[in-house]
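The values are calculated or read from the model by the stated rules, or taken from the named source; none is laboratory data. Keep in mind that this is a model prediction, so the values were computed, not measured. Neighbour counts are summed over all protein chains in view; Cβ atoms, including those assigned to glycine, are modelled from backbone coordinates with ideal geometry. Surface areas here come from the heavy atoms of the whole protein model, side chains and all, with no ligands, DNA or RNA. Shrake-Rupley method; radii C 1.70, N 1.55, O 1.52, S 1.80 Å.
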Amino acid sequence: METQNVAVYPTDIEDFERKIKPEIEENKRLNVFCSFTYITPNYAVLFTLEQLKKFADSGNYRVFLVLWDMNTLSNAYFRRLRSLRKVPDPEQFINTKVEELRTLAYSIGFTKEEFSIYKSSDLWKRLISFKEENLFQQFYSVLAQMQIKRYDIERDKISHLVQIPMDLFFCNSFHKLYPEDIDREMDVAFFGQNKEQLYVLTRDLMLENGLIESKNPVFVLMKTFPYLLLK
């Protein structure tokens, strides 16, 4: 599966052909995970939603989008609003952003049946309190094994060092954390090309530690999108 801006990660093409494509041909519902930090409806968000919709339309996909509210509340823009007393209630601010993001998704063409939004803080609370398995310890065990010096991480993307490994744990535990909403692991993780190093590293470590049995989820990359820069 490849379009102008979206492609299966090269090492995952065989898994996509073997696991995903047959279920698409049988019109089975597949689950797609996507996450990002959202504060304002900027070009990056709109472009990502548009490409996510195009990918969802290539099969019978249901999208589970995680809004990283924990990053939103630590963002410099949000802190500036707080200092100016324009955001009296952080929780209300986040809930407003969830509804704003939902409205954007619906305007692009998503329906209620194929698109859901979750807050990372809610997922995190469920993960650390999950009784049947110590997911919290597994997460930090993987995090401790990551040799970050091998990777070129931009200073303004340091939050990815926690966010991306946690995304993969969310992907593989979503059906345990939200059994009322989903009955199987995520089939596909949809993310931007600039995040691929950490996603691959985390999944490899999860495989090495026996936390997953195969490359799950299959990675689908959105190619780097252009920004208009004024000099």
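For segment 48-59, how many residues are under 15 Å from Met222 (Cβ atoms) and either open to solvent by 20 Å² or more (accessible area, probe 1.4 Å) or in contact with an Asp or Glu (Cβ under 7 Å, 6 or more places away or on another chain) (or both)? Adding up the residues that qualify gives 6.
Within segment 139-167, being at pLDDT below 80 and of a type in the set (Asp, Glu) holds for Asp152, Glu154, Asp156.
Cβ-Cβ distances below 6 Å connect the following pairs, each with a first residue in segment 107-136 that is closer than 16 Å to Asn172 by Cα and of a type in the set (Phe, Trp, Tyr), a second residue that is open to solvent by less than 40 Å² (accessible area, probe 1.4 Å) and assigned to a strand (DSSP E or B), and a separation of six or more residues or different chains: Tyr118/Val66. Return yes or no: is Asp183 under 21 Å from Ser129 (Cβ atoms), surrounded by fewer than 17 Cβ atoms within 10 Å (Cβ to Cβ) and at pLDDT 90 or above? It is true that Asp183 is under 21 Å from Ser129 (Cβ atoms), surrounded by fewer than 17 Cβ atoms within 10 Å (Cβ to Cβ) and at pLDDT 90 or above. Residue-level check: of (1) open to solvent by less than 10 Å² (accessible area, probe 1.4 Å); (2) farther than 18 Å from Glu99 by Cα; (3) at pLDDT 95 or above; (4) not β-branched (Val, Ile, Thr), Arg62 misses just (1). For segment 12-48, the set of residues classified as modelled with pLDDT under 95, within 25 Å of Arg184 (Cβ to Cβ) and in contact with a helix residue (DSSP H, G or I) (Cβ under 8 Å, 6 or more places away or on another chain) consists of Ser35, Phe36, listed by residue number. Against the numbered list (1) in contact with a strand residue (DSSP E or B) (Cβ under 9 Å, 6 or more places away or on another chain); (2) under 30 Å from Asn95 (Cα atoms), Pro41 comes up short only at (1).
For segment 20-27, the condition of being open to solvent by 50 Å² or more (accessible area, probe 1.4 Å) and part of a loop (DSSP other than H, G, I, E, B) holds for at least one residue. Phe33 falls short on exactly one of the conditions (1) within 26 Å of Glu213 (Cβ to Cβ); (2) in contact (Cβ under 8 Å) with a residue 12 or more places away in the chain; (3) in a helix (DSSP H, G or I), and that condition is (3).
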